[in-house]
Structure formats: C-alpha cells, structure tokens
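FYI, it's all coordinate maths here, none of it is from the lab. Bear in mind that the values here come from a model prediction, so they are computed numbers and not experimental data. We place every Cβ from the backbone using ideal geometry, glycine too, and count neighbours over all the protein chains shown.
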Amino acid sequence: METYKGKVRLVIKNYPYKYRDYSHMAAEASLAAGDQGKYCEMHDLLLKNSPRLDRDSVIRYAKELGLDMKAFTASIEGFKHAAIIERDKKLAVDMDLYNTPTFFINGRKVIGNRSYEYLRKIVDEELKNAKR
Amino acid sequence: MKTNLAAALIFLFAVSFASAEEKRFTVPVDGSPVCGPPTAAVTIIEFIDFQ
C-alpha cells in the first residue's frame, strides 16, 4: 500500500470465519477504532500482528494508537458493530465468495492467497488504464 | 465427429476463461471503512478475515 500512496483507495469488507476464535473480535476492534478516527491504523496493526488477536492483544494495539480505552472496550464487548459485520458477511455469501482475502481491483476479482507481485501487476495495469 | 466435439469444448472453455478474466464486478461500498484518498484512480475492495 505504501508504494501506491495517493493512487489507491482501499475499501474494507469484513468476512470473519465462524469457527476462528478471534476473527469477529478483530473485526469489532477495527470498527471500534474507526469510531475514534483510527480505522486504517488499526487495520494495519491487526494484519501485521495476525494471528495474535486475542482480547489482551487487541487492547494493547488500541492503547498503542492512543484510543479512549473505555469507549473501545465497551464497543468490542458490546459487539457494537455486529450489524455491519453481518451485512458484509451476507454480501460475501450473496457474491459467492468463499475465500479470504478476496480482492476486487477496480472490479476485477482476485481470489485468496495470490502473491503480492500478482496484486501489484493488476494494480499497475489499472493505473496505466486510468492514465489513458 | 468426436474431434469436432472436442474442438468445440476447448473453444467454449477458452471463451469462458477469457470472459471471466475480463469481468468486472460491482460491489456496494457505502458504509464501509475506506483508507486512501477518494480521488484515487484504483479502488481495491478487500474481503478480509484479520485472523
């Protein structure tokens, strides 16, 4: 993402797996940080530290970002953003998506664990198209 | 006859593969978190599980 600063916009949809321990909490944590204007920072921290996403870890990341801890904890414990997460999951199912991550790069679908180089190739193609 | 059928199948497979490659999906983005400028030439929508 750093390479493409200013050229690429990322939109995030949550697709946490039902049977993984911390998937939902991590999604809640990202959105709770978003309420305090730090979504992107938390998104990056969670991905960098995955799979260390248990409650204590997530709270540590929130502290690192200087969040209001009372609001943050209440948010993740109260599943405040469950409706958004469920909406995203429904969208994923409706679109027949079964893998994470799945990317849509200007609408072009790229599934699962493709290499970073492959993603770059598509992004570069799209940037080139945009310049025409 | 069999060769024709095989050729037709290969042709159909190639066509569907090529069109699948070009297909662009529309994903609603309202109400979802965004990182990066709204003016960006490229939009990546990611479906992720952080874990």
Over all residues in A:109-117, what is the mean tally of Cβ atoms on other chains that come within 10 Å of each residue's Cβ?
1
Any chance you could run the full-extension gain for residue A:69 through residue A:48? It's 0.36 nm times the residue separation minus the Cα-Cα distance, nm to one decimal.
5.5 nm
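Just subtract the alpha-carbon distance of residue A:99 and residue A:19 from 0.36 nm times their residue separation and send over the number in nm, one decimal.
Numbers: separation 80, 0.36 × 80 = 28.80 nm, distance 1.40 nm.
My answer for the length gained is 27.4 nm.
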Could you list A:42, A:25 so that the one with the fewest beta carbons within 10 Å of its beta carbon is first and the one with the most is last?
A:25, A:42
Pairwise FRET efficiency - residue A:86 versus residue B:24, Cβ, R0 = 22 Å, nearest 0.05:
0.25
Under 28 Å from residue A:109, Cα to Cα: lysines that are on another chain or at least 8 residues apart
A:5, A:7, A:13, A:18, A:38, A:48, A:89, A:90, A:121, A:128, A:131, B:23
If one computes P(r) from the Cα atoms of chain A, what percent of pairs lie at distances over 26 Å?
29
Would segment A:62-119 count as rounded, prolate or oblate if I go by the C-alpha gyration tensor, calling it rounded below 1.5 in a/c and otherwise prolate when a/b exceeds b/c, oblate otherwise?
oblate
At residue A:79 and residue B:4, where each label point lies 7 Å from the Cα along Cα→Cβ, what is the point-to-point distance in nanometres?
6.1
